[in-house]
Every structure is written in C-alpha cells, then in structure tokens.
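Read-outs: derived from the displayed coordinates by stated rules, not from any lab. Bear in mind that the values here come from a model prediction, so they are computed numbers and not experimental data. Glycine also receives a Cβ, built like all others from the backbone with ideal geometry; neighbour counts cover every protein chain displayed.
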C-alpha cells in the first residue's frame, strides 16, 4: 500500500499541491494516482509496490502543469466554445523571451504537427531526407509514409550523431536534413561548434530541421541552441520546441517552430490543425512561471542522479543523459524487460532498433526512481 505524500513534499514543487486540490474541485474529477508516492527509501529499506502504473516510457513531466497554468486552464474552460484567437498572445510572449520577432514563430498542435509539416515540405520538393539513426521518428515516418525516401545514418561507436557520415550521405536530391538535439532515444547532445558549422554549410542549398524538444533540460557546457542562426536571418533552418516536456502540457498540444518569416508563413499554410484555447492559455501562463521550470529541472536532475549513480556503481552500461530520460543497456531483449517491469507496475520505453537490448527510461519523481532502482536489483541483481 502506498503512503500519502505530505503537504510539505508537494509544496517543494510549488505546483503539485494546487494541481491535486484543483482536480478535487472539478465535478467527477479524481487525483492522478501519481501523486501518491511510494514510501521513501530514506524511511525504510524496502519501498512498497505502488498500486498504480508508474509511467517511465514517454518522457513526460511527472509533476504536470504549474499551478498558474492550471488556473489559466480553468479560466479558459468558459472559452471552449470558441474556435481560436483573433489575436493570439503566445507568439509575442515567446518572441520577447527569445529576442525574436513574432513573425519568426509558427504555433503548432504540439511540435509533432510541425515536425510532420517539415516532412511534408521535403516530400513536396521531390527529394530525400537524411536523418541520424536512431532518432525521434515523427518527421521521417510521416515523410516516408508520403513517399519520401529517408536515408538513415547510424550513430557512431559512442552512440553520438555522426555529422561527418550524415554530410557524406547527402545526395543531390536531398531536400532536408533532420537533427534532434539532445537526441531521442539516445539522450546526448551534438557539440555546439560542430553543429553550428554543419548547419551553416548544409543550409546553403537545403533545409535543416533541428528539434530542440529537450532544450530546457540541458546543462552541458558543450551544448547551445541554434536560435542565433534564426535571429541572424538564416533562411533554411527550422527549430522546433514544445510545451509538452518541462511545462507538462503534453495533453494540450502546444509547439513552436522558429524560422525566417517566409518559411513560417509556408509552415502555417501547410498545417492541418489549430491550437486549442486552453492549451494556449496554459502555455502563456506557464512560460512566465520560471519557478515551476526550475523545480522540474531540479527534480529531473535528482531523479537522473539516483538512476545514474546506481548504474555507475553496478557497472551497467548507459548513456550519460543531457535530457530527462536515460538509455540503458539491459543485456536482454527489451520486450522481456518491459514485461518484467510491468509486473512491478513500471512502464518502460518501447524497442528502439537496432539497440534491441537497450531501455529508454523516462525520469519520474525521485522516490519513484528509487523504486525503479530497487526493482532493477530485484529483477537483475
């Protein structure tokens, strides 16, 4: 049986307690069972099995939206009869925070819609696209489904994106090169100077699409966003970010594409969805709530430290993470590992060929990661 989390524990987050109380106030609502943390490993040697499934499979924010985002959602419920905004305030806010004009920003129904538009644009230009492998597949999968040839370039021996090999794989008909930084499912970065040189060279005559979904989690000094290239007028670069991760708004679908205004207009003209009002209101509030973002970063780092410290001490091969998830060599087919952890109420990531014995593990709350470590010891010694 799980123990009820204390008021003090929730106040440390500055938002989760409000979320619980707010959910209680909604008719028919229920508190998400993830708020019922397991008893801390500091309190006892054995952490009790939770009575709910802990999601460690989708790189989600385990704390949910901030309290100010929740207030904005509830306030926006009365606007649910409206299709969209005549004067959407979100691009102006994001533009001011990124020191870029609002005309350099396209909003998407999550960054996934914008990724698919990138795949669509490549296909419309009758050419191939080049991507690292493995990586996040929304853009290439959508492009491939629409008849575009996808050239997948394996990561190097250190499981890093191989920019030299990608440059060599580019053909005369290549219309787009896709990069995810940090990568996913492998949570490492591309060194900032090498990445900038690569983009400047490749973007001379073809599009570069850079997915920065995990930008806010990175503290590695070898990393940098490439937003300066957009600010300085680069015409062949699209950068995407999302409110799904650090802001905990995955279910409300808010994403951003940053590009030259001519390109953002083309992106917007090819989109098929609209942003929902509650998502936009929530994002507008959340992007002004730096305390919540700091809390999410801090606890994600704490969770990673719990897992990575154990992996190092046990000599288990893994990729040091620059994001909010880990990539771990299990030594067993991942389908078998999934089943064994699910029996302990832990849901881990899907297979990522060709690394069929590797586990992508999303960071949940610190006490939940202590339970993961306990479970790993129980299952694999």
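Couple of notes before you dig in:
- Among (1) 22.6, 75; (2) 21.1, 62; (3) 22.8, 80, the entry derived from the coordinates for Rg and Dmax of the Cα atoms in Å: (2)
- Packing-based order for 256-264, 87-95, using average beta carbon neighbours within 10 Å, highest first: 256-264, 87-95
- From least to most packed, judged by other beta carbons within 10 angstrom and beginning with the fewest, 49, 365 follow the order 49, 365.
- Summarising the label geometry, the points placed 7 Å from Cα in the beta-carbon direction at residue 193 and residue 75 lie 4.7 nm from one another.
- Sequence-distant contacts, meaning Cα pairs under 8 Å at least 6 residues apart, place the relative contact order of the chain at 23 percent.
- Distance between the range 162-217 and the range 238-257 - C-alpha centres, whole angstrom: 20
- Given R0 = 30 Å, the distance between the Cβ atoms of residue 222 and residue 314 translates into a calculated FRET efficiency of 0.65.
- Working note: 222 nm ellipticity from helices only, DSSP H runs with n ≥ 4, each -39,500 (n - 2.57), summed and divided by the residues of the chain, gives -11500 deg cm²/dmol to the nearest 500.
- Burial order of peptide ranges 286-297, 181-192 (average beta-carbon count within 10 Å, highest first): 181-192, 286-297
- From the alpha carbon centroid of the range 264-289 to that of the range 59-105 is 7 Å.
- Sorted ascending by nearby beta carbons within 10 Å, beginning with the fewest, 106, 75 become 75, 106.
- Put in line by how crowded their Cβ is, counting other Cβ atoms within 10 Å and starting with the fewest, 60, 344 read 344, 60.
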